[in-house]
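Reviewing the structure listed below.
The values are calculated or read from the model by the stated rules, or taken from the named source; none is laboratory data. Remember, predicted model here, so these are calculated numbers, not experimental data. Methodologically, a virtual Cβ is constructed for each residue, glycine included, from the backbone with ideal geometry; neighbour enumeration extends over all protein chains shown.
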Amino acid sequence: MKAKKSLGQNFLVDQNIVSRIVNSVSPTKDELVLEIGPGHGALTEMLMERAGWVVAVELDDELANELQNKFSESNLTIILADILAIDINELINKELDLHPHLKKKIRVVANLPYYISTAILTKLIASRMAIRDMTLMLQKEVAERIASPPSNKDYGILSVLAQIYSQTKILFPVKSGSFRPIPKVDSAILQLEVYAKPLAEVVDDDLLVKILQGAFSQRRKTILNSLKSVASQVHPQLLTEHIIDLLRLANITPQRRAETLNCQEFAQLTKEVYKYLEARVN
Ligand code: SAM
């Protein structure tokens with residue numbers, strides 16, 4: 001079967017890397033693992049040996065069939081679906097209902113299709129309450145962006161979102177020769193351990209995302225000017241002349257650039273904007 005480029009199919013062929021990934025997860029017999037894009041099952045098989053149950057979501061029907069035939073009557077559920085189109089919480093709850101002895105917080109493992117890796121990560125973060133950790137193969141630059149600290153050129157929307165809710169760590173790089181077909185980019189394994197309590201309280205996830213999109217829309221500008229130029233996209237009720245006061249209320253100097261703000265400051269700004277919008281709408 002020919003690999004489908006359009007589905008981001010670069011299969012892991014290096015058994016040493018497979019073992020390193022599964023060892024860095026070390027699932028136990030009382031745990032449920034969600035694997036995204038199992039492909040030919042390079043990771044799946046080893047995950048099944050170690051975990052209580054594996055649920056694998058695959059979009060390619062040929063691959064899903066292949067796995068179904070290969071691993072019939074085992075501790076594996078294969079879902080033929082687009083991970084971006086399914087309700088992840090519903091899927092997890094269904095599997096946990098079927099296997100009540102498993103721990104409620106699941107492990108996520110994936111060699112992600114890179115063309116939608118950030119969309120998948122954003123979706124997983126939204127389902128974080130059901131997740132203990134995520135161990136993900138990503139394009140190296142994307143992994144670096146997510147794990148980047150503030151005041152760094154790589155720091156951006158995904159870094160803030162990931163780091164508010166989880167401890168992020170790049171575990172190791174993976175050379176392109178570990179895949180077939182060989183991708184044009186280098187890869188890395190990123191692990192995100194979801195915090196029991198986020199680094200900062202977020203009053204409204206969607207509003208935080210909008211503020212981040214606005215703040216990082218023009219990285220070279222001050223946060224004040226960036227937010228001013230896209231105020232109506234952050235919220236139709238947010239007036240440009242009020243942004244300076246909102247920044248001050250959040251203890252953020254308006255002349256700073258977005259990339260210097262840490263997670264707590266973005267969360268605080270979200271809180272101030274939220275209170276302001278509530279007052280304006282009511
Ligand atoms: N896990 C396998 C491995 O490590 O060899 C395959 C990894 S490959 C990089 C990505 C896998 O994700 C492919 O099997 C591909 O068909 C699948 N995939 C692509 N888009 C998907 C989507 N939207 N939902 C679920 N799976 C998807």
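Kindly indicate the residue of region 71-83 that is over 19 Å from the mean Cα position of the chain (by Cα) and modelled with pLDDT of 95 or more and also nearest to Ser127 (Cα to Cα) among those meeting that condition. The residue in question is Ile79.
In summary, Glu35 fulfils each of the numbered conditions (1) in a helix (DSSP H, G or I); (2) within 9 Å of the ligand (Cβ to nearest atom); (3) within 22 Å of Ile106 (Cα to Cα) with the single exception of condition (1).
Being under 26 Å from Leu91 (Cβ atoms), out of contact with any Asp or Glu (no Cβ under 6 Å at 6 or more places or on another chain), of a type in the set (Lys, Arg) and within 11 Å of the ligand (Cβ to nearest atom) is a property that Lys4 has. Among the residues of region 142-195, which ones are in a strand (DSSP E or B) and of a type in the set (A, V, I, L, M, F, W, C)? Result: Ile170, Leu171, Phe172, Val174, Phe179, Ala188, Ile189, Leu190, Leu192, Val194.
The residue that is surrounded by the most Cβ atoms within 10 Å (Cβ to Cβ), counting only those in region 51-75 that are within 13 Å of the ligand (Cβ to nearest atom) and aliphatic (A, V, I, L, M), is Val54.
Let's see how each residue does on (1) aromatic (Phe, Trp, Tyr); (2) at pLDDT 95 or above:
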position: Ala188; (1), (2): no, yes
position: Val202; (1), (2): no, yes
position: Asp206; (1), (2): no, no
position: Ile223; (1), (2): no, yes
position: Ile244; (1), (2): no, yes
position: Leu261; (1), (2): no, yes
position: Tyr276; (1), (2): yes, yes
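Within region 84-111, restricting attention to residues that are of a type in the set (A, V, I, L, M), within 15 Å of the chain's Cα centre (by Cα) and within 20 Å of Val22 (Cβ to Cβ), the residue that is nearest to the ligand (Cβ to nearest atom) is Ala110.
Within region 38-55, the only residue that satisfies the criterion of being free of Cβ contacts under 8 Å to residues at least 24 places away in the same chain and either out of contact with any helix residue (DSSP H, G or I) (no Cβ under 6 Å at 6 or more places or on another chain) or in a helix (DSSP H, G or I) (or both) is Glu49.
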